[in-house]
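Values quoted throughout were computed directly from the atomic coordinates according to the rules given, and no laboratory measurement underlies them. Just so it is clear, the model here is predicted, and its values are computed rather than measured. Here the Cβ positions follow ideal geometry from the backbone for every residue, glycine too, while neighbour counts run over all protein chains shown.
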Amino acid sequence: MAVVELESVASFEEAFDRIDSGFDALAACSDFTVDADVLEQRAIRAIRVAERAKAAAAAAVAEADRCGVARRNNVRSMSILLARSTGAAAQELAPYKTLGLWVDAFPAVREAWQRGEITDAHVKHLKSLHNRRTDQFFRRDQDMLVSHAKLLLWDKFQSDCNYWLLHADPDGQLPSDRELAYGLKTKTHSNGDVEIHARLDPVTGEAALNAIEHEDQKLFRQTTNDPDADPQLTALSHRRRRLVAFMNLISRGFARQDGSHPIPLINIVMSEAVAEDLIRRMTGDPDYRFDPTTLPLDPDDIDKRSETARGTPIDPRRALPLLLIGQLRRQIFTVEGKTSNYSSGTRLFTAEQKNALLVEARGRCSTPGCDNPWIMLTADHTQPWSTTHHTCICDGTIKCDPCNNWKSNIPGRT
């Protein structure tokens, strides 16, 4: 047995040596190729060789995982072990094991991939069709599906696969991981940028895409046919114009029937001194002297604030378009940074009062250490309304719902 293993190792090393020599020869002879047909064939062959290499790598990683190589090296997973040796990211290596183990059950898929006739993208898509409900049909139809992968363009291949899935899994039940993936997530970066990631089901997604594309085309026609169109809008890339279209849809969807909004979609908190400095800089006031390398901003100075209501600092120049078209509302702060009071006879804080308190609190819960998100914030009475029967901004603060409920009407809690 030991002799067989040694011979196997020797042939394994010899095979990889031949592959390395082949790549060296290919690199040496390709530098002087200028014929278009030759270059096309070279690109096609290179992609097929790359796919064969991926298939071989998947098989090798899967076999190593089955043999417990990671555990023998006291490492949690094969992807981590390989990342240490190759310098690649572990999450980029993990699919090799997953695909390698999966294709072992489906020889038609494995063999086509190993021959470079289909790509790893085809394999991943075929794998997405397979679950416990479609297993018997996938085993029966794997040759047909592989044939489609070989012969069809990608869009047609995906479409045919999706139709096959409707027949193989007619109840339409989604895998739990796909069901859980539907939704929208937002992330606010440290510089204030907001990242939005959403995954929609096919019906909702089609509606969203159609709405965005329609709005995008409307913007494009406006900027193309109107000689007086805003130059900044005309210069937008397709990607940025789609973002403007998306925001237009959000703004319209948020509006009441009369066109007004329940609350402002955005609040720019800018002191009068900063606004005046911005306008005089942008208009080129010849009598205005300023240092072009600095801005009159200071987070601890009430007269030098430029930020969103959530407290995210922004460059005043980015707020200029809103400053020119938005509605201005004056809010007076005391020396201590509290808003000058005005009162209302209602039990609840009005939208204007809550907005003023949000600006004052910079979009954060007033409970020290609490970092609950903006959506959970509410205006709260510092002194319980049940004892004062009075609602004014001087008696208001911002709390998140959990902190507000915790405080409740219990003496001593703030």
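In what sequence, highest mean first, do 98-108, 294-304, 77-87 appear when ranked by Cβ atoms within 10 angstrom?
Details: 98-108: 18.4, 294-304: 13.0, 77-87: 16.1.
The packing order, highest mean first, is 98-108, 77-87, 294-304.
Highest mean packing comes first when the peptides 55-65, 142-152 are listed by Cβ atoms within 10 Å, giving 55-65, 142-152. Each of Asn74, Ala36, Leu99 was scored by the projection of its Cα onto the charge dipole of segment 29-174, and the greatest displacement toward the positive side belongs to Asn74; charges sit on the C-beta of Lys, Arg, Asp and Glu. Remark: relative contact order (segment 29-174) = 22 percent; criterion is Cα-Cα distance under 8 angstrom and separation of 6 or more residues.
Please identify the chymotrypsin sites (Phe, Trp or Tyr not before Pro) of segment 212-302 that satisfy two criteria: DSSP loop assignment and at most 12 other Cβ atoms within 10 Å. Which are they? Display every interim value, and only then the final one.
Working: sites: Phe220, Phe246, Phe254, Tyr288, Phe290; in loops: Tyr288, Phe290.
Those that pass, being in a loop and sparsely packed, are Tyr288, Phe290.
The label point for Ala15 and the one for Leu236, both projected 7 Å from the Cα toward the Cβ, are 5.5 nm apart. Protection proxy ranking for 269-275, 129-135, using the average of other Cβ atoms within 10 Å per residue and placing the highest first: 269-275, 129-135.
Give me Lys97, Lys156 ranked fewest to most by other Cβ atoms within 10 Å of their Cβ, as a rough exposure proxy.
Numbers: Lys97 23, Lys156 11.
Listed from fewest to most nearby Cβ atoms, that is Lys156, Lys97.
Taking every Cα-Cα distance in segment 183-254 and sorting them into 5 Å bins from zero, the calculated P(r) comes out as 3, 14, 19, 23, 19, 12, 8, 3, 0 percent.
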